[in-house]
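Here, each number is a calculation from the coordinates, and none is a lab measurement. As the structure is a computational prediction, the values presented were derived from the model and not from experiment. In this analysis, Cβ positions are derived from the backbone assuming ideal geometry, glycine residues included, and neighbour counts consider all displayed protein chains.
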Amino acid sequence: MKFIGAALFAFFMGAVPYSYIVGRVTKHIDIREYGSKNPGAGNVFHLVSWRAGTIALILDAGKGLLALYILWYFFKFTPVQLTYLGMIAVLGHVLSPFLQFKGGKGAATAGGVLIFVISIVLGTRAIAFLIYFIIPWVILLVLTHSQVVSLAILLPFLPVVMWFMTRDIKLTIALILFSLLIELLGVGSLRREWRASYEKYLKRYFKK
């Protein structure tokens with residue numbers, strides 16, 4: 001019963017459409033009608049500005065992290081349980097009832113979830129681990145202007161690295177399932193955002 005209540009909490013925390021709100025507040029537009037039509041931070045980057053996109057990214061990632069922090073603080077769920085609850089928070093973002101169940105792809109929210117789970121599992125070692133992952137993620141984000149593309153490239157490496165660091169098979173399986181969920185949810189968006197990123201930003205690096 002406790003886990004069911006926690007799952008509902010995680011879902012509705014994840015469902016808050018911060019990127020949509022940022023688009024409305026900053027440029028007074030519905031970002032679902034322009035660009036990639038994805039109500040996520042990536043579309044805010046493309047349509048509004050890098051500042052608005054950064055705010056949307058922080059808010060979307062923050063809601064995933066905050067949801068798990070609250071559940072961990074009050075109920076002391078294990079890292080494996082938190083990973084599954086994080087999956088539910090991501091599904092809340094994707095199937096947001098505030099957007100007629102047509103939300104974003106969950107990349108930023110997934111990032112917030114993973115940051116918290118990794119911090120709980122690794123403790124002080126998490127700082128070095130996150131630096132090694134965040135640096136290439138930020139570089140990819142700057143190059144592609146898409147958290148979907150950058151996360152899709154890095155995410156498959158996460159369960160492998162965590163296995164070598166923890167040897168926790170249950171956590172590794174949970175992270176594999178988490179990674180598969182994010183990759184599957186992002187297939188359509190990944191195609192669109194890769195095309196947009198290549199044409200607007202990456203193409204210049206391939207010119208002779």
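Across the range 108-116, computed HN-Hα scalar couplings (Karplus, 6.51 cos²θ - 1.76 cosθ + 1.60, θ = phi - 60°) run 5, 4, 4, x, x, 4, 5, 4, 6 Hz from first to last residue, x flagging Gly and Pro. Considering only alpha-carbon pairs that sit under 8 angstrom and 6 or more positions apart, the relative contact order computed for the chain is 21 percent. Cross-link check: pairs Lys37/Lys170; Lys27/Lys63; Lys63/Lys170; Lys102/Lys170; Lys2/Lys37 evaluated at a Cα-Cα cut-off of 28 Å; pairs beyond the cut-off: Lys37/Lys170; Lys102/Lys170; Lys2/Lys37. Between Val25 and Val161, the distance separating the two model label sites (each 7 Å from Cα on the Cα→Cβ line) works out to 3.1 nm. Across Val22, Val138, Val94, mean-square fluctuation computed from a Gaussian network of the chain (C-alpha pairs under 10 Å connected) peaks at Val138. A crude spin-label estimate for the pair Glu33 and Thr124, with each label 7 Å from Cα along the Cβ direction, gives 5.4 nm.
R0 = 41 Å: FRET efficiency of Ile131 with Met1, Cβ-based, nearest 0.05? That gives a FRET efficiency of 0.55. The range 1-64 and the range 130-191 have Cα centres spaced 19 Å apart. Ignoring everything except DSSP H segments at least 4 long, calculate the 222 nm mean residue ellipticity for the chain; use -39,500 (n - 2.57) per segment, divide by total residues, nearest 500. -24000 deg cm²/dmol, from helical runs alone.
Which value, in Å³ per residue, describes the convex hull spanned by the Cα atoms of the range 2-199?
Details: hull volume 20.8 nm³, N = 198.
So the per-residue Cα hull volume is 105 Å³.
Net length available on complete extension from Leu154 to Ile70 is 27.5 nm, with 0.36 nm assigned per residue and the Cα-Cα distance removed.
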